[in-house]
Each structure stands twice: as structure tokens, then as C-alpha cells.
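Trainee: There's a structure below that I have some questions on.
Values in this text are rule-based calculations from the coordinates and carry no lab data. If you're wondering where the values come from, they're calculated on a predicted model, not measured in any experiment. Reconstructed Cβ throughout: ideal geometry from the backbone, glycine too, with neighbour counts over all protein chains shown.
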Amino acid sequence: MHRPNTRSKQTAHPAPTQASKRKTRGSKATIDNNEPVNDPPPAKSGGRKPLRKTVEADKGDEEAIAMSAQDWAVVVAGEYEEYCKQKLQERWEDPMERAQLLQPMVKWYKERYDDFIDEKKVDGTFHKIIAKTRDEFMHSAQLASQYHDLHCFGFIMNLHPDETGRTGSMMWGVTRAYELMKKKQKKIISEEMAEWESLL
């Protein structure tokens, strides 16, 4: 007896277009440091995992041990000192000699980091670095307000828009007076930010 074919045909789904991808990237420039930045939701595991590095154990085999960021910094410092001693010998404690010795490494690192930042600026994810920079300023401003009754606020200007035209430039502040000023003078502040971008 012939059995009917009960398999359903699979429907091909079109690949997402470049325009649809752009809708989910980055965040618009804002003067409100409290507005969401469209970051992905936090992981359900809760809390950030500590930075860990591994080095080969001193047993002569492939066994590795895990260590904290602080311990890894000690290892790196030891390697740095050993390298300087090997290359500079008795001159290894001279800061100028060490700076000249490491100049090619520093140059290589800066070039790689510049490439990394340029890629972030183009692909629409540079807003995360802007937000982190804002948070660092706001932390210091909060301490100044709390202990010295100072009003600290300012602009973070990015002159390199991403592929969607967004720069992520923003104004930040922490005090109640700043919040009231921002709410009442939002249009003026936006115009001033645009003027600063053109001047820079």
C-alpha cells in the first residue's frame, strides 16, 4: 500500500537586508544620559566573570593553572623586567632606555587599538565605549557633588558618525539642578551640541 508523503515543504526565509540590520545597531545621539543605549540584556548568570589568564605550570608538561588579573599582572611585570635585563643588561633600570626598547611594541599596540576603535565607529557599536566614558565622568562628578557641593556636567563629542549617520554624542551630569536645566533647555542644549560638533 502506498504511503502518502506527509512531510511539509520547508519555506525559505529571505536573508536579512543591510537596511534591516541597521535598525538594530547602535543608539541615537542623545543629551539624556538616562535614556537606554540599546545594549543587549544582561546575562542570566548574573554578575561579571572575573578576568582570568592561564600560564603553563612549572612541571614541564602541558598542565595550566588559572590565575586572577592581579596575579597575571605580576607575571607580566616579571616578564617585562626579565626582557629588559636581557636586552639592556646593566642599563635596564634606565627609564629612557626601557622606553626606547619598547617603542616598537607600543607602536604596534597603538596601531592595533586604533584599528579596533575605527571598526567600532563604523559598525555602530562605538556607543558602548562612549557610554563607558560617560559613566567614568559621572562617577567623579557624583563624588564632587557629594563631598564639595559642586555641579559638574559636560559634553562627550564624537566627530565620526557610523554607517547609519549616528555619532552618539551626548551631554552628561549628575545633580538635580542639571536635570532641571536639561529638561527646560533641551532644545538649546541640542543646538549647542551641534554647534560644538561643527566647531571641532
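Trainee: Do any of LYS107/LYS182; LYS87/LYS110; LYS120/LYS186 go past 32 Å between their Cα atoms, and which?
Mentor: LYS107/LYS182
Trainee: In nm, what is the difference between 0.36 nm times the number of residues separating GLN86 and ASP135 and their Cα-Cα distance?
Mentor: 13.5 nm
Trainee: Among residues other than VAL122 whose Cβ falls under 10 Å from its Cβ, what is the net charge (Lys/Arg +1, Asp/Glu -1)?
Mentor: Net of charged neighbours comes to -3.
Trainee: Another question, then. Using 0.36 nm per residue, how much length does the chain from GLU97 to TYR147 gain when fully extended, once their Cα-Cα distance is taken away?
Mentor: Stretched fully, the GLU97-TYR147 segment lengthens by 13.7 nm.
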